[in-house]
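Here, each number is a calculation from the coordinates, and none is a lab measurement. Predicted, not measured: the structure shown is a model, and the values here were computed from it. Here Cβ is always computed from backbone atoms with ideal geometry, including for glycine, and neighbour counts include all displayed protein chains.
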Amino acid sequence: MFHIVIDSAIDLPEGMHYDDLSIVPLYVKVGDRLLKDMVDISREEFFEILPTEYDHISTSQPNPQDFVSAIETAKETDVLVMTITSKVSGTYASALSAAQESNKNVTVFDTWNLSMGAGVLALEAMSMREKGMSMEEVVKNLYVLREQVRFTPVIATLKNLVRTGRISRFTGIVGEMLRVKPLVELREGDIVPVRNERGNPFNILKKLVDEAEKHADRSHPFIIGYTDYVPEIEQLVKEHNALLARGNPIVGAYTGNNTFAVAYIQKQE
């Protein structure tokens, strides 16, 4: 048996209990206040203040000591640390530093993903552990699965992406004028544009979920995600026998309010 540590920018489905799992919070800075995600600020609080505070919000990774604490308090000597993609965050580097400080057998795994995309891999790791697989076997399989994970968010507004430098100001202004909703994916850890859509973000999500059904391997988790709750999402989850997860403030600082997403593992053709 081994312990699993994830960071708080990895989103797991709601209403489920997870054994032998630790979550290391990232940090959200609102004005002069530095807050620990899930400790000092909840998701509800964050997305409530985001519309008026987005110009004053930034994020930062955990420091190595945050990971050291999680590793050392684990009962097991084998510890698997899973982080969001190293291409957009220093969280992976902090976890590596912590692993080097520990006397335990620690493996740090870069999910190459964010939010529910990384959450799919965390669920897979816990499932394989329950089946009795060793940490080494699980990590070997995770390297294969991360190539097949698809995580596509529908971003309702471009202003946060402009503010944080993810897209140019010109692109953002034109996009807002045309009222387009950008779709992005994570490919080998990088955020890449897929296409633009027009219309209500939730209606775009429904279209995305239908498309995802055609490509998803349903023997693995299929997650529908949101930042701001709408009652209609419950029916969508039920229709597709999906899991429901809420997005975290770290990703939300870039995507903004009214973001929806789907995450799954693609079938091997």
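Near THR91: Cβ cut-off under 10 Å, other residues only, Lys/Arg at +1 and Asp/Glu at -1. The net charge is -3.
If r is the Cβ-Cβ distance from LYS104 to VAL194 and R0 is 45 Å, what FRET efficiency results, to the nearest 0.05? Walk me through the numbers before you get to the answer.
Values: r = 40 Å, r/R0 = 0.88.
FRET efficiency, LYS104 to VAL194: 0.70.
Shape analysis of the chain yields a ratio of the Cα radius of gyration to the Kirkwood radius, Rg/Rh, of 0.96.
Taking the average, over residues, of other Cβ atoms within 10 Å as the packing measure, peptides 109-115, 148-154 rank 109-115, 148-154 from highest down. The loop-placed trypsin sites (Lys or Arg not before Pro) in the range 209-269, going by DSSP, that have at most 15 neighbouring Cβ atoms within 10 Å of their Cβ come out as ARG218, LYS267. Among SER219, SER94, SER127, the largest mean-square fluctuation in a Gaussian network model of the chain, built with springs joining Cα atoms closer than 10 Å, belongs to SER219. Within the shell of other residues whose beta carbon sits under 12 angstrom from the beta carbon of LYS36, the net charge comes to -2, with Lys and Arg scored +1 and Asp and Glu -1.
Arranged from fewest to most other beta-carbon atoms within 10 Å of their beta carbon, ASP210, ASP55, ASP78 become ASP55, ASP210, ASP78. Taking the inverse of the mean reciprocal distance over all distinct Cα pairs, the Kirkwood hydrodynamic radius of the range 1-45 comes to 12.0 Å. Shape summary of the range 1-85, radius of gyration then Dmax from alpha carbon positions: 14.4, 46 Å.
Across the range 64-118, counting alpha-carbon atoms alone, Rg and Dmax equal 11.0, 31 Å.
Principal axis analysis of the Cα atoms in the range 3-145 yields extents of 48, 32, 27 Å, listed in decreasing size.
Subtract the Cα-Cα distance of GLU234 and ASN203 from 0.36 nm times their separation in residues, and report this length gain in nm to one decimal.
9.8 nm
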